[in-house]
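The values are calculated or read from the model by the stated rules, or taken from the named source; none is laboratory data. Computed from a predicted model, the values in this text were never measured in an experiment. Because the Cβ atoms are built from the backbone with ideal geometry, glycine has one as well, and the counts that use them run over all protein chains shown.
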2 protein chains.
Amino acid sequence: MTEKGLLIVMSGPSGAGKSTVIGKLMKIRSDIRFSVSATTRDPRPGEEDGVNYFFRTREEFLRMIGEDAFLEHAEYVGNFYGTPARPVDERLAEGWHVLLDIEVQGAAQVLQKRPDAVSVFLAPPSLEELERRLRGRGTDTEEKIAGRLETARRECALANNYTYIVVNDDADKAARELDAIITAESCRSGRKLESMAKGDLLS
Amino acid sequence: MTEKGLLIVMSGPSGAGKSTVIGKLMKIRSDIRFSVSATTRDPRPGEEDGVNYFFRTREEFLRMIGEDAFLEHAEYVGNFYGTPARPVDERLAEGWHVLLDIEVQGAAQVLQKRPDAVSVFLAPPSLEELERRLRGRGTDTEEKIAGRLETARRECALANNYTYIVVNDDADKAARELDAIITAESCRSGRKLESMAKGDLLS
């Protein structure tokens, strides 16, 4: 039987470097799949249903909420976004680790529904460094930067709700730490005993 | 300030391959120290006080028990053996991870005194494989092998008392898993928040 994969919930403020670190992690391990979100917003050019998002009508989305089909969902500037449970559970059953890159409120919803999920907060080394990175992008207005910093401060205050904190002072090191967390969690005695041959050593 | 090291408690039946795996782990990481035990038995030729053991008289040992100076201790064929707490705590404060290679009763004593210790059970892939390995050594009598297997069965039944189980079907893989466990445990949010700069991001 295939060993069940881990559900990994990852959050971190804008500017913490999540996409870089996740990109490096995916080069280290080939046993991770991303969760695909559902949304009611219109597809943008080039976006594919089931790849970038599951595109759903408002009616379909509301029906799925009614059926408790989401691990988490939220409304954002007039559109719904959510993580459908079924595709996640299918990947997990196939033995894939499934990574949810998700903001703090969504993460809290997922952890409530799936207390066995592995939760990781990716933190910038400091708020000063985060500010430097956000300014370095050169894309945001002063007002937008101030807003992002305020959000980051609020999000970082919730880091202790996550099992692990990875500080991204070096993206390669951060990716190696994520890799180690996945390997270690697979060795947790509860999971290991579940996946070991029954009737033999540890039964 | 130096980050405090981890106390790592490791058990596993005779024949699980602990010394091989630990040897490989020490080649991967240079931040681990072994705990040195105290004993009342006489030094053997070549053994050094403070390196192989702390050699103590029976009176000294009993006084240390009275002072609660041990993380664990036991009497074995007329001699006392124990793990003095002070040298362990000194290494931890210096930032070293300290590895205790210890049998299951001793491990239970340590985990009671130090619930924040990281506990790992090194398991053979199966009792059949363990038997094969013990016979392969060619050093033990049938009676001794039967005794070791019976002890192994009893010890393996306690594996669920450890946080992690590493199955030694491949010593290199087992060492990498131990390495990952140490890295991951250092990222636990409780520990990370303790060691992060106060007054900044996550306070």
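Collect the residues in the range B:141-164 that are within 14 Å of chain A (Cβ to nearest Cβ) and surrounded by fewer than 13 Cβ atoms within 10 Å (Cβ to Cβ), keeping them in residue-number order.
The answer is B:GLU150, B:ARG154.
Being more than 30 Å from B:GLU194 (Cβ to Cβ), in a helix (DSSP H, G or I) and not hydrophobic (A, V, I, L, M, F, W, C) is true for just one of B:ARG86, B:ARG135, B:ARG91. Which residue is that?
When all the criteria are applied, what remains is B:ARG135.
Looking at A:GLY15, A:GLY5, A:GLY50, which one is surrounded by 11 or more Cβ atoms within 10 Å (Cβ to Cβ) and either touching a Pro at 6+ places or on another chain (Cβ under 8 Å) or at pLDDT below 95 (or both)?
A:GLY15
Is the range B:187-198 home to any residue that is of a type in the set (Lys, Arg) and surrounded by 18 or more Cβ atoms within 10 Å (Cβ to Cβ)?
yes
Among the residues of the range B:54-77, which ones are touching a Lys or Arg at 6+ places or on another chain (Cβ under 8 Å) and either at pLDDT below 95 or assigned to a loop (DSSP other than H, G, I, E, B) (or both)?
Selection gives B:ALA69 alone.
Working only within the range A:31-46, note down all residues that are exposed (fewer than 15 other Cβ atoms within 10 Å of the Cβ), without any contact (Cβ under 8 Å) to a residue 60 or more places away in the chain and over 30 Å from A:LEU130 (Cα atoms).
A:ASP42, A:PRO43, A:PRO45, A:GLY46
Does the range A:166-184 hold any residues that are among the small types (Gly, Ala, Ser) and surrounded by 22 or more Cβ atoms within 10 Å (Cβ to Cβ), and which are they?
Passing the criteria: A:ALA174, A:ALA175, A:ALA180, A:ALA184.
So which of B:ASP89, B:ASP101 ends up being over 19 Å from B:SER19 (Cα atoms) and away from chain A (no Cβ under 14 Å)?
B:ASP89
Contact list please: Cβ distance under 8 Å, first residue in the range A:118-137 and at positive phi, second residue in a helix (DSSP H, G or I) and small (Gly, Ala, Ser), pairs at least six apart or on different chains.
Close Cβ pairs (under 8 Å, with a partner that is in a helix (DSSP H, G or I) and small (Gly, Ala, Ser)) do not exist here.
Out of curiosity, is B:ARG58 surrounded by fewer than 19 Cβ atoms within 10 Å (Cβ to Cβ), on the phi < 0 side of the Ramachandran plot and under 15 Å from the mean Cα position of the chain (by Cα)?
no
For the range B:165-184, which residues satisfy the criterion of being more than 7 Å from chain A (Cβ to nearest Cβ) and of a type in the set (Asp, Glu)?
Those that are more than 7 Å from chain A (Cβ to nearest Cβ) and of a type in the set (Asp, Glu): B:ASP169, B:ASP170, B:ASP172, B:ASP179.
Consider A:ARG153 carefully, then state whether it is of a type in the set (Lys, Arg) and closer than 21 Å to A:ALA16 by Cβ.
The answer is yes for A:ARG153.
Which pairs do you get when a residue that is at positive phi, found in the range B:79-104, comes within reach of a residue that is among the small types (Gly, Ala, Ser), reach meaning Cβ atoms under 9 angstrom, with the pair 6+ apart or on two chains?
As it stands, the answer is B:GLY95/B:GLY5, since those pairs meet every condition given.
Kindly establish whether A:VAL118 is farther than 28 Å from B:SER186 by Cβ and crowded, with 19+ Cβ neighbours inside 10 Å.
no
Kindly list the number of the only condition in (1) out of contact with any Phe, Trp or Tyr (no Cβ under 6 Å at 6 or more places or on another chain); (2) under 30 Å from B:VAL36 (Cβ atoms); (3) within 8 Å of chain A (Cβ to nearest Cβ) that fails for B:SER126.
B:SER126 satisfies all of (1) out of contact with any Phe, Trp or Tyr (no Cβ under 6 Å at 6 or more places or on another chain); (2) under 30 Å from B:VAL36 (Cβ atoms); (3) within 8 Å of chain A (Cβ to nearest Cβ) except (2).
With the checklist (1) part of a loop (DSSP other than H, G, I, E, B); (2) more than 15 Å from A:PRO13 (Cβ to Cβ); (3) not small (Gly, Ala, Ser) in hand, flag the one item A:GLN109 doesn't pass.
Every condition holds for A:GLN109 apart from (1).
Got a number for residues in the range B:192-202 being touching a Leu at 6+ places or on another chain (Cβ under 8 Å) and either at pLDDT 95 or above or more than 7 Å from chain A (Cβ to nearest Cβ) (or both)?
Residues meeting the conditions: 1.
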